[in-house]
Amino acid sequence: MTAKEFMAHREAPLPDEVARLIASVPEWFAQPESNEEYIQSARSMETWAVRDSGNHVLGVGLIDRHYPWAVEIHLLVVERSQHGKGVGSELISAIERAALAEGVKLMQVKTLGPSHPDTGYEKTRKFYEKVGFLAMEETELWGEGTPCLIMVKALTE
């Protein structure tokens with residue numbers, strides 16, 4: 001499946017799909033309390049999804065809006081079998097296009113920082129860099145031992 005075969009769309013909440021997708025990649029989602037928070041967030045947050053031609057959800061993005069000029073990617077999760085096929089990039093692209101149309105100027109995402117040796121999150125950071133995000137700051141927002149990297153992307157036409 002290529003990026004031309006699917007598109008991301010804004011959807012109604014998909015908490016069951018978020019739970020299923022998180023379970024498909026446990027190396028990224030190994031904290032049950034955090035997973036439950038994501039599933040609960042999926043009940044109310046702005047939701048974007050990529051579906052295949054059979055209407056199967058391949059990936060989901062949850063968006064938080066702190067200010068009219070900024071959006072945060074609260075969660076981006078893609079089914080393991082779809083990694084590297086453009087699903088995550090399509091989600092980011094669709095969210096960005098919609099945000100730009102609404103006058104949003106800045107996107108941010110938080111992920112595990114590079115001072116933590118997790119190789120999976122090294123891939124995550126490289127993905128976000130590939131789609132245009134820049135590392136801004138690593139903090140202890142999530143507590144000692146769980147460095148939070150804040151990444152940002154300026155949105156332009």
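The values are calculated or read from the model by the stated rules, or taken from the named source; none is laboratory data. As the structure is a prediction and not an experimental result, all values here were calculated from the model. FYI the Cβ positions are ideal-geometry reconstructions off the backbone, even for glycines, and counts take in every protein chain you see. Side chains are part of the model used for accessible areas, which takes the heavy atoms of the whole protein and leaves out ligands, DNA and RNA. Shrake-Rupley method; radii C 1.70, N 1.55, O 1.52, S 1.80 Å.
Quick one: Kirkwood hydrodynamic radius for segment 39-85, alpha-carbon pairs, angstrom, one decimal?
Working: mean 1/r = 0.0851 Å⁻¹.
It works out to 11.7 Å.
Over segment 1-67, what relative contact order in percent results from Cα pairs under 8 Å that are six or more residues apart? Numbers along the way, then the final one.
Values: 83 pairs, mean separation 25.8, N = 67.
Relative contact order for segment 1-67 comes out at 38 percent.
Pop out the ³J(HN,Hα) list for segment 69-86 in order, Karplus 6.51 cos²θ - 1.76 cosθ + 1.60 with θ = phi - 60°, rounded to Hz; leave Gly and Pro as x.
Karplus-based 3J(HN,Hα) across segment 69-86 equals 9, 9, 10, 10, 7, 6, 8, 9, 9, 10, 3, 3, 5, 9, 4, x, 10, x Hz.
Per residue, how large is the accessible surface of the chain? Use a 1.4 angstrom probe and give square angstrom. Could you put the intermediate results ahead of the total?
Working: 8450 Å² over 157 residues.
Roughly 54 Å² per residue, with all protein chains present.
Summing -39500 (n - 2.57) over the DSSP H runs of n ≥ 4 in the chain and dividing by its residue number, what mean residue ellipticity at 222 nm do you reach, to the nearest 500 deg cm²/dmol? Can you show the working numbers first?
Details: 4 runs with 47 residues, N = 157.
Rounded to the nearest 500, the figure is -9000 deg cm²/dmol.
Roughly how many Å is it from the Cα centre of segment 1-51 to that of segment 77-117, as a whole number?
12 Å
Count the lysine pairs in the chain whose Cα atoms lie under 17 Å apart, taking only pairs 8 or more positions apart in sequence or on different chains.
11
What shape does segment 41-157 take by its C-alpha gyration tensor, where a ≥ b ≥ c are the square roots of the eigenvalues and a/c under 1.5 counts as rounded, a/b above b/c as prolate, and the rest as oblate?
Oblate is the answer for segment 41-157, as a/c is 1.5 or above yet b/c matches or exceeds a/b.
Shape call for segment 1-55 from the C-alpha gyration tensor, a ≥ b ≥ c root eigenvalues: rounded (a/c under 1.5), prolate (a/b greater than b/c) or oblate? Walk me through the numbers on the way to the answer.
Numbers: a/c = 2.82, a/b = 1.52, b/c = 1.85.
Oblate, since a/c reaches 1.5 and b/c is not below a/b.
Ignoring ligands, DNA and RNA, what percent of the 1.4 Å accessible area of segment 19-146 is carbon and sulfur?
Working: 3540 of 6690 Å².
Solvent-exposed carbon and sulfur of segment 19-146 make up 53 percent of the total.
Please quote Rg/Rh for segment 9-89 to two decimal places, taking the Kirkwood radius as Rh and restricting both calculations to Cα atoms.
Values: Rg = 12.3 Å, Rh = 12.9 Å.
Reported Rg/Rh, Kirkwood definition of Rh: 0.95.
Using the Cα gyration tensor of segment 105-157, with a ≥ b ≥ c the square roots of its eigenvalues, what is the shape: rounded (a/c below 1.5), prolate (a/b larger than b/c) or oblate (neither)? Provide the component values of the computation, followed by the final result.
Numbers: a/c = 3.47, a/b = 1.60, b/c = 2.17.
Note, shape of segment 105-157 comes out oblate.
Mind giving me the FRET efficiency for E37 and A101? R0 is 35 Å, r the Cβ-Cβ distance, nearest 0.05 is fine. Provide the component values of the computation, followed by the final result.
Details: r = 29 Å, r/R0 = 0.84.
E between E37 and A101, to the nearest 0.05, is 0.75.
Describe numerically, in nm with one decimal, the distance between label points set 7 Å from Cα along Cα→Cβ at L134 and at S81.
4.0 nm
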